[in-house]
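Participant: Structure below; questions to follow.
The values are calculated or read from the model by the stated rules, or taken from the named source; none is laboratory data. Since the model is a prediction, treat every value here as computed from it, not as a measurement. Glycine gets a Cβ as well: all are built from the backbone with ideal geometry, and neighbour counts include every protein chain shown. Note: accessible area is taken over every heavy atom of the protein model, side chains too, but ligands, DNA and RNA are not part of it. Shrake-Rupley method; radii C 1.70, N 1.55, O 1.52, S 1.80 Å.
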Amino acid sequence: MTASRLATGGSAIDRSRPIRFSFDGTIVQGFAGDTIASALLAGDVAVVGRSFKYHRPRGTWGAGVEEPNALVDIGGSRATPNTRATTEPARDGLVAKSVNATPSALADRNAFLDRFARFIPAAFYYKTFMWPDWHRFEPRIRAMAGLGKVDADWTSPGMADQINHHCDVLVVGAGPAGLAAARLAAGAGLTVTLVDDQQSPGGSLGYRAGEIDGKPAAVWVKETIAELAAGGHLILPSTTALGIYDHNLVGLNQRHFDGRPDTLWRVRPRQIVLATGAIERPLPFANNDLPGIMSADAAFAYLRRHAVLVGRRIIVATNNDSAYEVAGALAEAGAEVRLVDIRRNGTPAARANPRLIKGRSLASASGKLRVDGVTLDDGTRFDADCVLVSGGWTPTIHLFGQAKGKLAWSDARAAFLPSDPVDGIAVIGAAAGAVSLSEVFAGAGPAFA
């Protein structure tokens, strides 16, 4: 992967405010508005961690809370272990270290374990080291298989604020569905609380094309937020809904990036609207865990938000239409893109990058510390420094399930969707299986009825 920062663009970054921080002892440059992950990608840092057991190299996969690989320990006065690099803002002077790697992710001395993978299958610890005494082996095994480390000099930032709050409608998620529902609820005279785990509202509208009410999506988002704020409704960015409890009590964790501890909100709404979106799925093929293989949607977000081009020779593999916009945008940014669609009768070729291959899938990827190519199921090989995959979308329905909501399988969406309704809770947008803006807005209206 030869990722780089483009000379222009990047809605989330402020190029007038450069920053420097360290990762595994190496200085990384970025801009205010970068996350640790986006700055690492812009600096072409491919290996950001090691796998839990075999210490295989791991690269950044996603762009948000779905990230499984890019976990770092943050040092300093507010040391925090196991922090997702995709959600942690990059700050000047920050010290970050990869987890489960010694001395660094790139040069992990325990990487040799991968050579013995066939001899150490699942549960081999307990089968092999029970004799003569498991406790003689356990400390070393736990140390090798652990993730982040707790800083012995860590000091508490102090007591967190705790706030009790009441409202008519609590909307979780400030993407297109959540914003539409919040706007409609406010227009009906209801008091609204809107929360989102991102620092800026808009969700996918922050990087995917769209037109709403005859306006560009970015303009519509800005006007909607301004309208809600002018109406006295509560908007909480960088806030995660952590649970729905008895009598629809919702716990929220609001993060602050100015040294203050997080704030705990206990919200008691009359109606809960879950507009929590969906997470892009990977695709199965050999060596699909190599650094440089990542979510297509995440690569699109890095391009638009942070002006990061994740590669120069890119393979985009998909089984759905959403990756076509990604392929086109990357090609326009200067990358050489091939789009491999497993479907024979998918989106018309005219909408895609000219190098379109239909009816084929990836059989394997090759590379050592980063991907260097792929082989298709017909044996054709292509060189690549980045592979983007889109295996469809899994609705984010964790909160609905915690509230005792039942799920049902949908063949049309190839996913579990909310089934029987739960009193006081509505699920809308991509979380309910919507795949287009028209479907999103069609489902937003009845959410608070």
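Participant: Roughly how many Å² is the accessible area per residue of the chain, as a whole number, for a 1.4 Å probe? All intermediate terms of the calculation are to be shown ahead of the outcome.
Facilitator: Working: 21210 Å² over 449 residues.
Normalised by residue count, the accessible surface of the chain is 47 Å².
Participant: Rg/Rh for the chain: what does it come to with C-alpha atoms and Rh from Kirkwood?
Facilitator: Working: Rg = 22.7 Å, Rh = 23.4 Å.
So for the chain, dividing Rg by the Kirkwood Rh gives 0.97.
Participant: If you don't mind, another one. How big is Rg to Rh over region 365-449, alpha-carbon atoms, Rh as the Kirkwood inverse-mean-distance radius? Spell out each step's value before the answer.
Facilitator: Numbers: Rg = 19.0 Å, Rh = 15.8 Å.
Rounded to two decimals, Rg over Rh is 1.20.
Participant: Are there any trypsin sites (Lys or Arg not before Pro) in region 1-83 that are in a DSSP loop and have at most 15 other Cβ atoms within 10 Å? List them by number. Display every interim value, and only then the final one.
Facilitator: Values: sites: 5, 15, 20, 50, 53, 58, 78; in loops: 53, 78.
Answer in residue order: 78.
Participant: Just the number: Rg to Rh for region 395-436, Cα atoms, Kirkwood Rh, two decimals.
Facilitator: Details: Rg = 9.7 Å, Rh = 10.4 Å.
Using Cα coordinates only, the ratio equals 0.94.
Participant: Another question, then. Which aspartates and glutamates does residue 222 reach when only Cα atoms under 19 Å apart count, and residues fewer than 8 places away in its own chain are ignored?
Facilitator: 14, 196, 197, 211, 213
Participant: Can you check what the net charge comes to around residue 276, using other residues whose Cβ is under 13 Å from the Cβ of residue 276 (Lys, Arg +1; Asp, Glu -1)? All intermediate terms of the calculation are to be shown ahead of the outcome.
Facilitator: On the way: positive: none; negative: 66, 196, 197.
Net charge around residue 276: -3.
Participant: Also, I was wondering about something else. Just by accessible area at a 1.4 angstrom probe, what is the order of 138, 439 from largest to smallest? Spell out each step's value before the answer.
Facilitator: On the way: 138 50, 439 75 Å².
Per-residue accessible area, sorted high to low, gives 439, 138.
Participant: Sticking with this one: Jot down the per residue volume, in cubic angstrom and as a whole number, of the convex hull over the alpha-carbon atoms of region 1-157. Intermediate values should be presented prior to the final figure.
Facilitator: On the way: hull volume 21.2 nm³, N = 157.
Per-residue hull volume (Cα only) is 135 Å³.
Participant: Can you send over the carbon and sulfur percentage of the accessible area for region 290-442, probe radius 1.4 Å, protein chains only?
Facilitator: On the way: 3240 of 6450 Å².
Summing carbon and sulfur atoms, their accessible area is 50 percent of the total for region 290-442.
Participant: OK, next. Count charges around residue 190 for me, please; just the other residues with Cβ under 12 Å from its Cβ, Lys/Arg as +1, Asp/Glu as -1. Provide the component values of the computation, followed by the final result.
Facilitator: On the way: positive: 183, 270; negative: 168.
Surrounding charge for residue 190 is +1.
Participant: Same structure, new question: Hey, which lysines would be in cross-link range of residue 127, C-alpha to C-alpha under 26 Å, not counting anything within fewer than 8 residues on its own chain?
Facilitator: 53
Participant: Please sort 166-178, 185-197 by packing, taking for each peptide the average over its residues of neighbouring beta carbons within 10 angstrom, highest first.
Facilitator: Working: 166-178: 26.1, 185-197: 20.5.
Packing proxy ranking, top to bottom: 166-178, 185-197.
Participant: Connecting C-alpha atoms closer than 10 Å in a GNM of the chain, tell me which of 161, 213, 378 has the biggest fluctuation.
Facilitator: Looking only at 161, 213, 378, the largest GNM fluctuation is found for 213.
Participant: Pick out, in residue order, every one of the chymotrypsin sites (Phe, Trp or Tyr not before Pro) in region 216-284 that is DSSP loop and has at most 12 other C-beta atoms within 10 Å; say none if there are none. Don't skip to the end; give the middle numbers.
Facilitator: On the way: sites: 220, 245, 257, 265; in loops: 257.
Sparse-neighbourhood loop chymotrypsin sites (Phe, Trp or Tyr not before Pro): 257.
Participant: Right, another one. Calculate for the chain the 222 nm mean residue ellipticity that helices alone would give, adding -39,500 (n - 2.57) per DSSP H run of length 4 or more and normalising by residue count, nearest 500 deg cm²/dmol. Mind dumping the intermediate values first?
Facilitator: Values: 9 runs with 85 residues, N = 449.
That comes out to -5500 deg cm²/dmol.
Participant: Where the convex hull is taken over the Cα atoms of region 45-99, what is its projected area averaged over directions, in nm²? Intermediate results must be reported in sequence, preceding the final value.
Facilitator: Numbers: hull surface 15.5 nm².
Quarter of the Cα hull surface area: 3.9 nm².
Participant: What is the percent carbon and sulfur in the accessible area of region 250-289, measuring with a 1.4 Å probe over the protein chains and ignoring ligands? Numbers along the way, then the final one.
Facilitator: Working: 900 of 1810 Å².
C and S fraction of accessible area: 50 percent.
Participant: Of the accessible area of region 1-86, with the probe set at 1.4 angstrom, what percent is carbon plus sulfur? Please list the in-between numbers first.
Facilitator: Values: 1790 of 3350 Å².
After summing per-atom areas, the C and S share lands at 53 percent.
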